[in-house]
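One structure, pasted below without further comment.
The values are calculated or read from the model by the stated rules, or taken from the named source; none is laboratory data. Quick caveat, the model's predicted, so the values are computed rather than measured. All Cβ positions, glycine included, derive from the backbone under ideal geometry; neighbour counts span all protein chains shown. Heavy atoms of the whole protein, side chains included, go into the accessibility calculation; ligands, DNA and RNA do not. Shrake-Rupley method; radii C 1.70, N 1.55, O 1.52, S 1.80 Å.
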Amino acid sequence: MSLSTGAMGVAVSPEVAAALARGGAVVALESTIICHGMPYPKNLQTAMEVEAIVRDNGAVPATIAILDGVPHVGLNSEQLKSLAISGRQFQKTSRRDIAHVVASGGNGATTVSATMFFAHKVGIPIFVTGGIGGVHRNGEQTMDISSDLTELGKTPVTVISAGVKSILDIPRTLEYLETQGVTVAAYRTNEFPAFFTEASGCKVQCRVDSPEECANIIYANKNLYLGSGILIAVPIPKEQAASGNAIEAAIQKALKEAEDKNIIGNTITPFMLDRVKVLTGGCSLEANIALVKNNALLGAKIAVALSDLHQRFRRSAL
């Protein structure tokens, strides 16, 4: 059973609703990674493990999806299983697709932008994902820019990710985020991570070294009504660095192949994804899963620290 939030038209699970009502720690999770990121039953296993990590670290997970035209924030085990089995039958849903999927009574797997939208709508300030989209290579010609970036510019939700993949244009992605007024912080490093590797060659202005520091920035962003999101980029765990470097080498080889074949514009990303999968023998999937779990661990700790911060200020105001 789900509790409707009335006029907002969003169904919130009892567990999530109760946590939000008491000012507890809640972490939003996307559903595209379940439906479009990996096959069944690996996707279900991963989704359950990620939710368990969030719970084990003191927060409530809120996986977000559109089911039969109704946006849901927080899924039960049966809904998660149905999502995982359905897979690509669920439409990949970004902000632009929400109205259509809801109006048609469809099923939607939410991307970063749509997940941020619904998280903010019900009052969830923290969202964990693997990586965000960005400015695509040759984006200055094609204008191929992920809606994740504009969503971060107008929706005050903090996104915990491993940065962006180096198949994208990382320097231009960071420039675009600056234009959108988005605070970009790197966790325990001065350099923006490149998803599968710790370093991208791009420095960041903001470094954070603890969940409490992250919470302080999120709290300030909210109290000042800045209206923009925050991106906290988390480097790949040390134990995954070796496989990450191998994947990055495959990415660079695929980029060279794309250049030699004059593959540009909207076709370069699918070409790159296919080639990297072949060149790495599919090991990028396991690295992806490890990154999401690592981000979930930190995201839960940040959510708890933010909840504690809110509670302290409430008590001091009495």
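When a/c is below 1.5 the answer is rounded, else prolate if a/b is larger than b/c, else oblate, so apply that to region 192-318 with a ≥ b ≥ c taken from the square roots of the Cα gyration tensor eigenvalues.
Prolate.
Testing the spin-label approximation: label points 7 Å from Cα along Cα→Cβ at SER210 and ARG188. State their distance in nm.
Taking the two extended label points, one gets 1.4 nm.
In addition: Just grab the label-to-label distance for LYS238 and ALA317, each label 7 Å out from Cα along the Cβ direction, in nm (one decimal).
The two pseudo-label positions are separated by 4.1 nm.
I've got another one for you. Name the aspartates and glutamates eligible as straight-distance cross-link partners of LYS256: C-alpha to C-alpha under 19 Å, and not fewer than 8 places from it in the same chain.
ASP169, GLU248, ASP274
Report the local net charge at MET116: Lys and Arg +1, Asp and Glu -1, summed over other residues whose C-beta lies under 13 Å from its C-beta.
Surrounding charge for MET116 is 0.
How much net charge surrounds PHE196 when only the other residues with a Cβ under 12 Å from the Cβ of PHE196 are counted, with Lys and Arg +1 and Asp and Glu -1?
Around PHE196, the surrounding residues sum to -2.
Sticking with this one: Could you check how much of the accessible area of region 164-318 is carbon and sulfur, as a whole percent, using a 1.4 Å probe?
Carbon and sulfur together cover 53 percent of it.
Please compute the net charge surrounding ILE268, taking Lys and Arg as +1 and Asp and Glu as -1 over other residues with Cβ under 12 Å from its Cβ.
Here the count lands on -2.
Any idea of HIS120's accessible area? Nearest 10 Å², probe 1.4 Å.
Estimated to the nearest 10 Å², HIS120 gives 90 Å².
Calculated FRET efficiency, VAL70 and TYR40, Cβ-Cβ r, R0 22 Å, to nearest 0.05?
0.45
Here's a follow-up. Pick out the long, greasy-scoring helices in the chain: whole DSSP H runs spanning 15 Å or more along their own axis by Cα, mean Kyte-Doolittle at least 0.0.
112-122, 268-280, 284-317
What FRET efficiency, computed as 1/(1 + (r/R0)^6) with R0 = 45 Å and r the Cβ-Cβ distance, is obtained for ALA103 and GLU175, rounded to the nearest 0.05?
0.80
To continue, here is another question. Can you give the FRET efficiency for ARG96 and ASN138, using 1/(1 + (r/R0)^6), R0 = 25 Å, r = Cβ-Cβ distance, to the nearest 0.05?
So, using R0 = 25 Å, E works out to roughly 0.70.
Got a number for carbon plus sulfur as a percent of region 1-135's accessible area, 1.4 Å probe?
On region 1-135, the fraction of accessible area on carbon and sulfur atoms equals 55 percent.
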